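Read the structure below first, then the notes.
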Amino acid sequence: MTATTHSLHLPAGTAAAGPYALEVTPESARWGHSGLRVLELPAGGSATLDTGPDEVVVVPLEGGLTVECDGEVLPLTGRSGVFAGPTDFAYLPLGVTATLASRGGGRFALCSARARRRLPVRYGPAADVPVELRGAGRCSRQVNNFATAGVFEADSIIACEVITPGGNWSSYPPHKHDETSDVESELEEIYYFEVAAGPQGQPGLAYHRVYGTAERPIDVLAEVRDRDVVLVPHGWHGPSIAAPGHDLYYLNVMAGPGPERAWRIVDDPAHTWIRDTWAGEDVDPRLPLHSPAGTEKNGAPRP
């Protein structure tokens with residue numbers, strides 16, 4: 001049976017559960033490793049989180065909070081919103097209980113993955129998040145690599161944020177990572193989207209594509225709105241297309257069954273030629289949307 005837009009596109013609010021505005025678990029996604037919750041707290045609100053079999057990265061989307069776990073107290077400054085630059089974050093290992101409390105309220109992503117090793121509770125400063133500009137021209141996008149392999153130690157989770165200016169394409173050329181080889185890692189992926197409103201608050205939109213092969217069919221073409229999710233169990237995925245006038249944010253959470261924590265991808269051969277055109281184009285001058293230390297400009301061969 002072919003997985004389709006109907007089963008893999010989760011419009012905002014449709015995957016709410018309990019205290020969470022969004023809850024995606026390996027069980028609800030019908031896969032084995034990746035998860036994501038979005039916790040909304042009122043001013044002065046708090047919640048208790050049991051990580052169970054997962055490692056969890058707490059990422060403020062809007063607002064700040066304090067995370068208490070294993071005797072550690074981690075105050076997260078957070079940010080005013082996802083387009084305001086990288087945020088600080090907290091790492092929680094499997095098998096712990098944490099208290100999350102927010103004096104001013106806000107929204108917080110709990111990125112998760114099934115883990116085998118228990119690592120220590122840690123704080124990730126915003127200033128240490130590498131910010132990368134990928135692609136060029138209308139394929140320009142900004143990547144906040146807060147919990148990618150080689151940047152932040154974890155057992156299995158890989159997570160990053162992508163900012164795509166209005167009118168640009170990202171996750172392009174289409175690529176996949178659903179097999180284990182020297183050039184590819186098997187990783188499930190969650191795309192959580194936020195779409196900037198227009199100047200008078202008009203709601204924005206974007207589009208996201210996932211497609212497969214004859215052996216492993218999948219067919220998703222989703223018109224995504226603010227706080228929607230698309231699940232990518234396998235297959236070629238991309239582009240993510242930002243409508244003109246509406247900047248696009250997405251949070252990627254990935255994990256897989258392999259013992260190596262690595263992000264290796266292969267392009268759809270029909271579209272990989274587009275990378276060769278970037279050498280003659282400048283990065284979109286609207287990027288970066290902020291200027292933290294460590295910003296770099298390149299056309300690295302990543303999605």
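How long is segment 30-111 along each principal axis, judged by its Cα atoms, biggest number first, in Å?
For segment 30-111, the Cα extents along the three principal axes come out at 33, 29, 19 Å.
Under a 1.4 Å probe, what is the accessible area of the chain per residue, stated in Å²?
That works out to 41 Å² for each residue.
At q = 0.21 Å⁻¹, what is the base-10 log of I(q)/I(0) for segment 44-162 according to the Debye formula with one equal point scatterer per Cα and no solvent? Please give it to two decimals.
After summing over all Cα pairs, the log10 values are -1.18.
Using a 1.4 Å probe, how large is the accessible area of D128, given in Å² and rounded to the nearest 10?
My reading of the accessible area for D128 is about 110 Å².
Leaving ligands, DNA and RNA out of it, report the carbon-plus-sulfur percent of the accessible area of the chain at a 1.4 Å probe.
In the chain, the share of accessible area belonging to carbon and sulfur is 53 percent.
Do the sum for the chain: with -39,500 (n - 2.57) for every DSSP H run of n ≥ 4, divided by all residues, what is the mean residue ellipticity at 222 nm, to the nearest 500 deg cm²/dmol?
The per-residue figure over the chain is -500 deg cm²/dmol.
May I ask you to compute the full-extension gain from D219 to I265, defined as 0.36 nm times their residue separation minus their alpha-carbon distance, rounded to one decimal in nm?
Roughly 14.6 nm would be gained on extension.
Label points 7 Å out from Cα along the Cβ direction at T2 and R103: separation in nm?
Using points 7 Å along Cα→Cβ, the separation is 5.4 nm.
Return the ratio Rg/(2.2 N^0.38 Å) for the chain, where Rg is computed over Cα atoms only.
The value comes to 0.94.
Residue separation times 0.36 nm, minus the C-alpha to C-alpha distance between A127 and Y20: what's the value?
Contour length minus Cα-Cα distance gives 35.7 nm.
From largest accessible area down, sort I163, I265; use a 1.4 Å probe on the protein chains.
From most accessible down to least: I265, I163.
Rolling a 1.4 angstrom probe over the protein chains, ignoring ligands and nucleic acids, what is the accessible area of R264 in square angstrom, nearest 10?
In the full protein context, R264 sits at about 60 Å².
Among bridges DSSP assigns within the chain, what percent are antiparallel (round to 5)?
95 percent
How do E184, E23, E281 rank by accessible surface area computed with a 1.4 Å probe, from largest to smallest?
E281, E23, E184
Count the net charge of all other residues whose Cβ sits under 13 Å from the Cβ of P86, scoring Lys and Arg as +1 and Asp and Glu as -1.
-3
Express in whole angstrom the spacing between the alpha-carbon centres of segment 172-204 and segment 40-59.
Comparing the Cα centres of segment 172-204 and segment 40-59, I get a distance of 24 Å.
Can you tell me the length gained on complete extension of the stretch A84 to D282, counting 0.36 nm per residue apart and subtracting the Cα distance?
69.0 nm
For a quick check of understanding: with a 1.4 angstrom probe and all protein chains in place, what accessible area in square angstrom does R118 have, to the nearest ten?
Counting only protein heavy atoms, the figure is 130 Å².
Taking the Cα-to-Cβ direction at V183 and at T48 and moving 7 Å from each Cα, how far apart do the two end points lie in nm?
5.1 nm
Within the P(r) computed for segment 100-180, what percentage of the Cα pairs occupies the region above 19 Å?
54 percent
The values are calculated or read from the model by the stated rules, or taken from the named source; none is laboratory data. Please read all numbers here as calculations on a predicted model, not as lab measurements. Because the Cβ atoms are built from the backbone with ideal geometry, glycine has one as well, and the counts that use them run over all protein chains shown. Protein only, heavy atoms only, side chains kept; ligands, DNA and RNA dropped before computing areas. Shrake-Rupley method; radii C 1.70, N 1.55, O 1.52, S 1.80 Å.
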